[in-house]
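Everything below concerns the one structure shown next.
What follows draws every value from the coordinates through simple rules; no lab data is involved. Nothing here was measured: the structure is a model prediction, and the numbers come from that model. Cβ atoms come from the backbone with ideal geometry, glycine included; neighbour counts cover every protein chain shown.
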Amino acid sequence: MESEEKKTFINEHEESQSFLQNLNVFNKQTNSKKVILKILFFLFVIAITLYSYRIKTKYYNLFYDDNCVIKNKQMINSIKNNTDMRHAIIVLASYGVHYLNNFLEQFDNDSRFDIYIHIDGKTKIDIDNNKTIINANIKYCNHSFSSERYSVEMGDATYELFFIANKNYDYDYYHIMSESCYFSDSLDEFYNFFVINNFNSYINYYKFDKFLLNNKPNGFYKGSQWMSIHKNIINKLLKISDIYNSYKEQVKNGTIFITYGAFDEFIFQNLIIIHICNEKPEDCKIYNNNLRFIRWYCTRTKIYCPNYLNIDNVSEEEIKFIKLQSFIIRKINYKDPKAMELINKLKNYNECE
């Protein structure tokens, strides 16, 4: 009897050992499978990352972060007597002749810059009277229709000036400005910057989800209408007027509904990024920095508007930022002595002080 119990115990022990061995083998196999799955998952993540990077590189390898735009003063000032480039200044004016004249005085008849002006139809300016607007290499001045803020006419006015300037001369750059824009550096420094950085375009853009296309959100681009664009992009832009007109009609008939924005604050971003640079990235070299310093504030009606700047409301840190990242500041009221004091401080600013 005792012998049988002993045999039973031995058998049970052997079965237990066998079960444990099988369990260890199973655990090892399971662990191996887990390791393999982890490796496969890791390789899958790498593949997806590389594929995403390839797509991103394909479409956005010529888009640069604004932190790359730093003005190299030494390099800019090393360029002497270069007059090979010509610039078209696209001016959207609406404040009156005195503001416009004060803006134009900055160019001092500099032959490197030709001026193309659209004056809002409501503004009382006699463009046929030569004494009204000072001579500053003005090549074209239009006063034919009203171009109120947030209207498609603002886009039309800009697009028309692009077309007229491009037809008149093969300009290297097109700069959209208003009469409340002022240079924070000399014209020579502004000009030389584009000699060094030729082919680059400087626009402000970001994805904006408050567009509705057929009552559904659409990932359009939005940004400031004030920009500096190289001729390669302008030439392409003028060849897709049908797409421009399609956008315009969709906005006018309500197919595309814009909230918190204006037509001219999204039309050129979308034409450039979606219809030119995504399709032919080799024609583009875009920096997400329009070289303008603009401070925004929110009104009581929740509309963001650019603030008027002067020596009292621009900090020392902002002045340093402007000298590194911007060439143009807005808005400036030339009638405000403190605004002019700010301009003088910027132009005479010494980084070593």
³J(HN,Hα) computed for each position of the range 229-241 - Karplus, 6.51 cos²θ - 1.76 cosθ + 1.60, integer Hz, glycine/proline x: 10, 6, 4, 4, 6, 4, 4, 5, 4, 6, 8, 10, 4
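Test of understanding: ordering V314, V195 by Cβ neighbours within 10 Å, fewest first, what list do you get? Write out the running numbers ahead of the final one.
Details: V314 21, V195 15.
Ascending number of Cβ neighbours within 10 Å: V195, V314.
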Exceeding the 19 Å Cα-Cα cut-off - candidates K167/K236; K167/K239; K231/K347; K231/K285: K231/K347
Neighbour-count order for W296, W226, fewest beta carbons within 10 angstrom listed first: W296, W226
